[in-house]
1. Give the relative contact order (percent, whole number) for segment 199-317; include only Cα pairs under 8 Å separated by 6+ residues.
2. For the chain, which semi-axes, largest first and in whole Å, follow from the square roots of 5 times the eigenvalues of its Cα gyration tensor?
3. Relative to the longest principal axis of the C-alpha atoms of the chain, give the angle of the C-alpha long axis of helix 395-417, reported between 0 and 90° and rounded to the nearest 10°.
4. For the chain, find the longest principal axis of its Cα atoms and tell me its angle to the long axis of helix 452-461, 0 to 90°, nearest 10.
5. Based on the Cβ-Cβ distance from W52 to Q418, what FRET efficiency comes out when R0 is 35 Å, to the nearest 0.05?
6. Multiply the residue gap between L280 and M242 by 0.36 nm, knock off their C-alpha separation, and tell me the result in nm, one decimal place.
7. log10 I(q)/I(0), Debye, Cα-only segment 421-563, no solvent, q = 0.18, 0.22 Å⁻¹?
8. Could you grab the Rg to Rh ratio for segment 66-205? Cα atoms only, Kirkwood for Rh.
Amino acid sequence: MSLAERFPKYFVALMLGAFLLFLAGIGSVGLWDRDEPRYAQASRQMVLTGDWVVPRYPSGEWRLEKPPAIYWCQAISMELFGQTAFALRLPSVLGATAAMTILGLTVRRLAGPKRALWTVFIFCTSGLAIAASKMAITDAVLLSMVITGQACLAFCYWAAARHRRAQPWVALIFWTSAGFAGLVKGPQGLLMHVMTLLILLVLDVAPEFKSAARWRSAMQWWRQLHPWWGVPILAIVVSPWMILIHHRAPGFLSELILKAKMHSTQSMDGHGEPPGYHTLLIFGTFFPWSLLLPTTITLAYRNHTLPHIRFAIAATAGPWLLMEMVYTKLPFYVLPAFGGLSFLTADALIRCIRGRFDDLRRPIFMVTVGVWAVVVLGLAAAPWLSLKATHQLPLAAMAGFSAFGILYAAIVFFRFYQGKIARAAMAMGGGMALLIAILYIGIFPHLQFLRMSENIVAALGEFHATGKDAPLAMIGYKEPSLAFYQGTGAREQDDNYLQITPPDRWPKWIVIEKQQWDDLPPELKGLLQIRASVNGVMYAVNGRPATALVVEKMGTEGLDQPITGVGNGQ
């Protein structure tokens, strides 16, 4: 039986494995960083208020970071599975799985079953794809839309290369997916396609840049996108929400656009980085396959005259260059470029397996494999750094992780040393998947210092201080995840809130970082009683260790004036 005949069985097994990898641990690991809880709060507000048009925080403030589609997805999931981390992250799992399915079927159609299987295997075991699939943010959902659009472009381009015309339904899917991408993250998806087309145009024209006829000829296939009726379809997808939001929240759209411009030109939330940021991170974001990047780039250049290679180069460079030009940067922004990059890596790998190129058998490559193995050994030892934070550790899982990491590095190294490239590559991807599974199932759920907000809420729950009927002030402790887990009553306050606010206006419950507590004058401390102390790390402050105190307001009769001039260095 040929590979083409066995492809459906292998592909389904691969996609099922990827789905289970993406799914592993998403409900048992707390919300990370600041972004996940902020998405969570806005999505839950849709469920609680029934307003599916205007994204809002519990305070009523507009959530201006993204259009509504990601909140719709998370809100629907919460309606089905409850207000949990699992429900919030499930759309990302499904988005990443859908993207892999579309990518694999497209490559199967245009470049054969072997490249399709390797492309999907490489993508779904790369660090950035796994991370995006496990976080309640926009990127995995956007990925499914962008990959769909790129697949449509690839079909049109491939048809033109064979002097054929793609079916009109391909253009219909392209513009529809671009519209939904706009509802997920604004014009970013469409701009990625524009950049892909421009880079592909340059590659097609080179080296005849001075020939006007060559430029016109290279753009002829763009007509297969049917923009004269495609653009109206895009407008039909996005305009209903835009009309509703304009009527229900005048000014929302203008502020949303302003926020997007600010992301492009200045640092937002401290994430401003110069061009080259994503390129410098590629070893980590494309790990473990970053080991093959020099070979991938070399062979892509050697074979760039082939239409499918040329398109993959453009599909990689287009989104990548666009995100390098945006001033605010996060690693996930270049995820749509990994579809093309995974295909190029798969193509280079297959050529080396077949012996057409010896790049992966040269001594210099083995030196690179040795460096890669040392990095893996360092990652295998990383969980033991948590010994400094707490003694309540999953020691058996940590030992298993380290032992498997050592075995993983050794197998990959010796398989490459033996010249068994295919087995080495399978070990690279499979080992990465197992390491991530151990982390998310055996280690992360048991690291209490990573669950600071949840532990604070557990302490509050003992005093029935959760939910919308239990107002809570957050002072010094800036984690948005506390507001999600506590309910809708938590509000972040300024560090000097207690000094400038009359005590009779304080809420009954306050979570305050120990440093702020130590700065309080004795007369204010006398009005509060510590009920619990929780240690951990604060993501919002660069992951630094912190202690949060759960305090209860005691009797404050007669104290209706703020106390000033004390605390915070005054």
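Every number here is computed from the coordinates shown, using simple stated rules; none is lab data. Not measured: the values here are computed from a predicted model. With ideal geometry, Cβ positions are generated from the backbone for all residues, glycine too; neighbour counts draw on all protein chains shown.
1. Value for segment 199-317: 26 percent.
2. In descending order, the three semi-axes are 46, 30, 20 Å.
3. With rounding to tens, the tilt is 20 degrees.
4. The helix 452-461 is inclined about 40 degrees to the chain.
5. 0.05
6. 9.9 nm
7. Per q value, in the given order, log10 I(q)/I(0) is -1.00, -1.36.
8. My calculation of the ratio gives 1.01.
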